[in-house]
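**Student:** I'd like to ask you about the structure that follows.
The values are calculated or read from the model by the stated rules, or taken from the named source; none is laboratory data. Everything numeric here is computed off the predicted structure, so don't read it as measured data. Note: ideal-geometry Cβ built from the backbone for every residue, glycine included; neighbour counts use all protein chains shown. Each accessible area value is taken on the protein alone, full model and side chains, heavy atoms only, with ligands, DNA and RNA left out. Shrake-Rupley method; radii C 1.70, N 1.55, O 1.52, S 1.80 Å.
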Amino acid sequence: MFGMFKNSLFGNTEETEYKLLSSETKDGVSFEVRRYDAAKFAAVSSEGRTFDQVTGELMRKLLMYIGGSNEQGEAMGTAAPIIVTVYPRNDGVFSRRLVVAIRIPTSYQQEPPTPTDSAIRIEERPGMTVYALQFGGFAGESEYRAEALRLTRTLGETAPFQRKQYFCCSYDPLRPYGRRNEVWFLQEEP
């Protein structure tokens, strides 16, 4: 447990690299279009509980894994962002199904340590292009929903992005202030 806090508070955070395709402002709302490469992620899922009830618990599991709670005892450092995949209903409220994931740091991409927590799985995720909207503060379901609505309205009805899921990203969930959050919409590939 100490490794999780030591890595998060005192270690360097490896931020997932991306290629910036464009930076745009529409109706006073600034967003970016980014391309991320394929990578391995540690992920854990939940069904039946709300976003606000379960995300903290699932984030801690992943931070403990990269902090050294794995079969090899490897403290991998920290990586950002932590990505929560949500599945909104037609009314915008999140369903009670979500997936929380963190990118395995680069030096462990080839052979990630084996999780000791059976709920954690290692996934190979494909590359993706996203529309990203950044905002600050403590973010729960209502804040992510509000920012997702703002990005939806900014992009418009005809924008080519998936509407059945999106990503709620936290870059520094253990910081008491100055938090960076983002909403990502997955661009539909032609």
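**Student:** In this structure, is F31 open to solvent by less than 60 Å² (accessible area, probe 1.4 Å) and either within 15 Å of the chain's Cα centre (by Cα) or over 25 Å from E141 (Cα atoms) (or both)?
**Tutor:** no
**Student:** Taking the condition of being modelled with pLDDT of 90 or more, more than 23 Å from T78 (Cβ to Cβ) and out of contact with any helix residue (DSSP H, G or I) (no Cβ under 9 Å at 6 or more places or on another chain), how many residues in region 146-187 meet it?
**Tutor:** 17
**Student:** Next question, about the same structure. Testing P190 on (1) part of a loop (DSSP other than H, G, I, E, B); (2) open to solvent by less than 50 Å² (accessible area, probe 1.4 Å), one condition comes back false. Which one is that?
**Tutor:** (2)
**Student:** Within region 132-187, take every residue that is among the polar types (S, T, N, Q) and more than 17 Å from the chain's Cα centre (by Cα) and give me the one that is most open to solvent (accessible area, probe 1.4 Å).
**Tutor:** T158
**Student:** Touching a residue at least 40 places away in the same chain (Cβ under 8 Å), open to solvent by less than 40 Å² (accessible area, probe 1.4 Å) and in contact with a Gly (Cβ under 6 Å, 6 or more places away or on another chain), is that true of G68?
**Tutor:** Against the criterion (touching a residue at least 40 places away in the same chain (Cβ under 8 Å), open to solvent by less than 40 Å² (accessible area, probe 1.4 Å) and in contact with a Gly (Cβ under 6 Å, 6 or more places away or on another chain)), G68 qualifies.
**Student:** When residues of region 87-104 are filtered for being surrounded by fewer than 21 Cβ atoms within 10 Å (Cβ to Cβ) and modelled with pLDDT of 95 or more, how many remain?
**Tutor:** Count: 1.
**Student:** Mind checking which pairs have a first residue in region 92-119 that is touching a residue at least 40 places away in the same chain (Cβ under 8 Å) and farther than 26 Å from G140 by Cβ and a second that is open to solvent by 50 Å² or more (accessible area, probe 1.4 Å) and outside any strand (DSSP E or B), Cβ under 7 Å, 6 or more apart or different chains?
**Tutor:** P113/E71; P113/Q72; P113/E74; T114/E71; T114/Q72; T116/E71
**Student:** Follow-up. For region 24-55, name all the residues that are outside any strand (DSSP E or B) and without any contact (Cβ under 8 Å) to a residue 24 or more places away in the chain.
**Tutor:** Hits for region 24-55 are G28, Q53.
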